[in-house]
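As structure tokens, the structure follows; a few thoughts come after it.
The values are calculated or read from the model by the stated rules, or taken from the named source; none is laboratory data. Note that the structure is a prediction, hence the values are computed from the model and not measured. Cβ sites come from the backbone with ideal geometry, for glycine too, and all protein chains shown count toward neighbours.
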Amino acid sequence: MKQIKYWILALLYCSGFAACNQDLEIPLPQFQTGGSEEIALDTIEFSVYVYADRPSVERLGGKESFTVKLEELFRKSTTYWNESSHKKLKYYFRYKPMYLEVYDGSSQDATLKNKIYNGPFDFNLYDVTVFFDLVQDNGETGNGGAAHSGGSNNRSVVTVFAGPNEEKNIFTDNTYRTLVHELGHYRGVTDMYQYIISSNDNPVNKIAYEPSKCIMWDAAQAEWSDYAAKIINYTAKSKQIGKDYEDFFASMYPKNIEITVLVDGKPKRGVPVYFYGSRAGGSTHGRDVWPEAFKNFQTDKDGRILITDVKGLYVPDRKLYPDLPASLPYGRWFSFIVEAVHGTTKKYEWLPEYIVQMPFFEGSDTYRATIAF
């Protein structure tokens with residue numbers, strides 16, 4: 001029934017998109033192979049409102065040709081999104097451009113930007129905006145690239161901009177993969193590459209850290225991590241996550257973190273435990289571990305420490321912690337190195353957000369870890 005519903009909606013919306021090809025409007029049943037049987041997946045479709053600069057539309061064949069190519073671009077993105085599931089996603093996700101608006105002038109024009117980010121937007125017809133500027137002209141500046149940001153009424157806007165001295169062709173380059181990464185943000189997933197720490201940027205123990213393989217780390221990786229897939233499944237039926245889930249990202253932090261320290265297999269009382277925070281990259285620094293401990297504890301009689309304000313740990317209030325580094329991008333620690341000290345020996349545990357948040361999807365309010373000497 002859901003396939004029929006989305007097919008009918010797609011036909012109704014077709015008239016709003018120039019040169020809409022009806023053959024592309026009929027979603028074929030999507031399947032996952034599960035052992036000896038095929039499991040049909042319900043399709044969830046997201047309607048995309050597209051802005052593109054006139055010089056690039058004309059350079060790439062004119063509006064009618066651009067529109068047909070745009071449909072193929074989003075079909076490639078849809079295919080890449082779902083093929084990267086590896087059976088982790090519970091639905092078949094489909095992104096469909098439903099309207100193309102060709103704009104004149106600069107993409108940095110304040111009036112245009114206000115229209116895109118804050119102007120009227122019919123959420124009954126469209127779900128997300130993609131904003132292309134494929135050549136720098138009209139006095140535009142910047143390094144180009146892609147990003148996801150928000151506007152009024154919990155709208156999501158994905159931007160794909162050309163850099164200087166570049167005429168970008170989104171139909172022949174890897175934009176289809178870039179769109180999947182940025183639309184991953186639209187579905188609620190953070191940048192996984194911000195958890196990467198090189199050994200040179202870790203003054204605590206000089207050990208490098210890499211997160212799970214994921215499109216949200218590198219758009220070319222062709223795989224959704226377990227964490228990303230759980231978020232995408234959880235928010236699947238929401239078209240405006242900010243509206244449907246209050247403080248969504250923070251809501252995934254568990255209520256508690258419980259760490260147990262064992263010495264020779266037994267809980268050890270009085271063990272000092274230190275939390276060193278890692279930062280996302282900023283304008284004046286790369287991703288790194290701050291050299292001073294943000295928190296310190298001692299284990300109780302059961303060899304445990306219990307943290308009951310996990311959001312406050314990762315998203316610290318500067319009024320309560322005036323010694324925070326001047327630059328803390330996104331206002332939060334992305335990870336912690338937990339250091340336990342027993343005699344002259346130190347042991348470590350990494351607590352990146354994406355691991356600490358996993359109990360949320362398991363119905364648990366506590367993340368647990370053990371450090372053993």
Close pairs (7 angstrom Cβ cut-off, 6 or more residues apart or separate chains): farther than 15 Å from Glu101 by Cβ in region 44-62, of a type in the set (S, T, N, Q) and part of a loop (DSSP other than H, G, I, E, B) anywhere = Leu60/Asn169
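In region 173-203, what residues are under 30 Å from Tyr274 (Cα atoms) and charged (D, E, K, R)? Show your work before the answer.
Just the residues of region 173-203 that are under 30 Å from Tyr274 (Cα atoms), to begin with: 189-203.
Once the filter is applied, which keeps residues that are under 30 Å from Tyr274 (Cα atoms) and charged (D, E, K, R), region 173-203 yields Asp191, Asp201.
Quick one: would you say Lys295 is basic (Lys, Arg), under 24 Å from the mean Cα position of the chain (by Cα) and closer than 30 Å to Pro329 by Cα?
On the way: basic (Lys, Arg): yes; under 24 Å from the mean Cα position of the chain (by Cα): no; closer than 30 Å to Pro329 by Cα: yes.
No: the conditions fail for Lys295.
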Search result, residues across region 174-209 that are in a loop (DSSP other than H, G, I, E, B), over 26 Å from Ser84 (Cβ atoms) and charged (D, E, K, R) = Lys206
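Given the criterion more than 26 Å from Val289 (Cα to Cα), touching a Lys or Arg at 6+ places or on another chain (Cβ under 7 Å), not assigned by TED's automatic domain parsing to the domain that holds Pro352 and not polar (S, T, N, Q), identify the matching residue among Phe161, Phe132, Phe121. Walk me through it before giving the result.
Values: Phe161 fails: touching a Lys or Arg at 6+ places or on another chain (Cβ under 7 Å); Phe132 fails: touching a Lys or Arg at 6+ places or on another chain (Cβ under 7 Å).
Of the residues listed, the single one that is more than 26 Å from Val289 (Cα to Cα), touching a Lys or Arg at 6+ places or on another chain (Cβ under 7 Å), not assigned by TED's automatic domain parsing to the domain that holds Pro352 and not polar (S, T, N, Q) is Phe121.
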Only one of (1) buried (at least 16 other Cβ atoms within 10 Å of the Cβ); (2) touching an Asp or Glu at 6+ places or on another chain (Cβ under 6 Å); (3) not hydroxyl-bearing (Ser, Thr, Tyr) does not apply to Val289, and that is (2)
Could we say that Phe171 is of a type in the set (Phe, Trp, Tyr), on the phi < 0 side of the Ramachandran plot, in contact (Cβ under 8 Å) with a residue 60 or more places away in the chain and assigned by TED's automatic domain parsing to the domain that holds Gly61 here?
-> yes
Subset of region 63-121 [farther than 28 Å from Ile231 by Cβ, free of Cβ contacts under 8 Å to residues at least 40 places away in the same chain and among the hydroxyl-bearing types (Ser, Thr, Tyr)] | Ser65, Ser106, Thr111
When region 74-96 is checked residue by residue, the ones that are surrounded by fewer than 21 Cβ atoms within 10 Å (Cβ to Cβ) and not in a loop (DSSP other than H, G, I, E, B) are Arg75, Lys76, Thr79, Tyr80, Asn82, Glu83
Taking into account only those residues within region 241-255 that are surrounded by fewer than 17 Cβ atoms within 10 Å (Cβ to Cβ) and not aromatic (Phe, Trp, Tyr), which is nearest to Val157 (Cα to Cα)?
-> Gly242
Within region 102-148, the residues that are modelled with pLDDT under 95, among the polar types (S, T, N, Q) and surrounded by 14 or more Cβ atoms within 10 Å (Cβ to Cβ) are Ser106, Ser107, Gln108, Gln136, Asn138
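Can you tell me which residue within region 255-272, out of those that are hydrophobic (A, V, I, L, M, F, W, C) and under 31 Å from the mean Cα position of the chain (by Cα), is farthest from Ala369 (Cα to Cα)? Please lay out each step first, then the result.
Going residue by residue through region 255-272, those that are hydrophobic (A, V, I, L, M, F, W, C) are 257, 259, 261-263, 271.
Cutting the leftovers down to under 31 Å from the mean Cα position of the chain (by Cα) gives us 257, 259.
Numbers: Ile257: 8, Ile259: 5 Å.
Among those residues, the one meeting the criterion is Ile257.
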